[in-house]
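This report refers to the structure that appears directly beneath it.
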Amino acid sequence: FIGLIFIFQYLGTIISSRHYSHYLLQAVTGFALLTCLFARRIRRSSLTTKKINFIFVYLLIIISGLCYFTKGGGIGVNYGVAKLDGRNLGYKLYAYYETFVNYKILNKISINDYNYFFNDEETHMLTLKRTLNNEFTEISKDSIYIYTDRGWTYPYLDIRIPTFYSTAYHTNLASDGSERLIRELKEFDPKLIVMEQGIPSFEELDTLLSQRYQYVYEDNKYEYYEMR
């Protein structure tokens with residue numbers, strides 16, 4: 001029964017087609033229970049060829065899965081000067097914990113260096129927050145919409161998500177995503193729309209911006225459109 005739990009959890013991560021390392025978390029329960037079961041039975045009885053072969057196949061499946069999920073690059077993108085994209089999952093885990101220890105325990109690196117280990121999202125978030133606080137102080141947070149692929153932008157800025165989809169890629173993936181977003185923006189009528197640079201837009205959104213908003217500001221990552 002425990003083996004079936006692990007198999008279904010493990011297969012769920014593979015057929016999800018989302019090959020990011022953190023998707024393996026859903027298989028942790030089954031993996032832990034099955035490993036404990038193996039350890040308990042090995043202690044109670046001697047190893048046999050059948051058990052050794054079973055454990056070998058079990059470990060082979062785990063290692064193959066870890067190599068398979070390395071494709072997603074879900075753990076870190078920066079490690080000093082070197083990139084982690086081509087590294088295996090074991091090295092990524094080592095790099096992460098080394099960086100964590102150097103920052104939190106040994107105090108060898110700064111908070112900026114620690115954040116940079118993952119990517120530059122924290123820097124961009126700080127820039128966005130500073131711009132909203134300095135350049136658009138008269139606009140309420142409840143009147144701001146941000147077109148971004150970063151789902152944690154709104155909670156980071158303490159802004160209520162005004163639309164059904166919080167990220168641009170979810171909007172673009174949904175069959176009715178673009179129509180729904182335009183309808184919601186017309187109902188919500190935000191005073192300020194922030195567009196993250198490099199994120200694919202669509203014709204209806206560009207038309208809405210040109211008709212109702214004016215381009216007023218730009219920093220190194222975002223463009224700001226204020227209602228006319």
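The values are calculated or read from the model by the stated rules, or taken from the named source; none is laboratory data. Here the structure is a predicted model, which means the values were calculated and not measured. Quick reminder, even Gly has a Cβ in these numbers, built from the backbone with ideal geometry, and neighbours come from all protein chains shown.
Figures for the structure shown
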item	result
Qualifying positions in segment 166-180 - surrounded by 14 or more Cβ atoms within 10 Å (Cβ to Cβ) and either touching an Asp or Glu at 6+ places or on another chain (Cβ under 9 Å) or in a helix (DSSP H, G or I) (or both)	THR167, ALA168, TYR169, HIS170, THR171, ASN172, GLY177, SER178, ARG180
Meets criteria (basic (Lys, Arg) and farther than 18 Å from LEU205 by Cβ) for LYS186	no
Index of the failed condition, MET195 passing every other in (1) modelled with pLDDT of 95 or more; (2) of a type outside the set (Lys, Arg); (3) buried (at least 16 other Cβ atoms within 10 Å of the Cβ); (4) part of a helix (DSSP H, G or I)	(4)
Single residue of segment 107-118 satisfying the filter (within 20 Å of TYR91 (Cβ to Cβ) and in a loop (DSSP other than H, G, I, E, B)) that is modelled with the highest pLDDT	LYS108
Residue count, segment 198-225 (criterion: outside any helix (DSSP H, G or I) and more than 29 Å from the chain's Cα centre (by Cα))	4
Residue selected from segment 151-161 under the condition of a type outside the set (A, V, I, L, M, F, W, C) and part of a helix (DSSP H, G or I), by the criterion nearest to ILE199 (Cα to Cα)	THR153
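So that you can scan it fast, the table gives a plain yes or no per residue for (1) in a loop (DSSP other than H, G, I, E, B); (2) out of contact with any helix residue (DSSP H, G or I) (no Cβ under 9 Å at 6 or more places or on another chain); (3) over 30 Å from TYR97 (Cα atoms):
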site: TYR145; (1), (2), (3): no, no, yes
site: ASP149; (1), (2), (3): yes, no, no
site: THR163; (1), (2), (3): yes, no, yes
site: ILE182; (1), (2), (3): no, no, yes
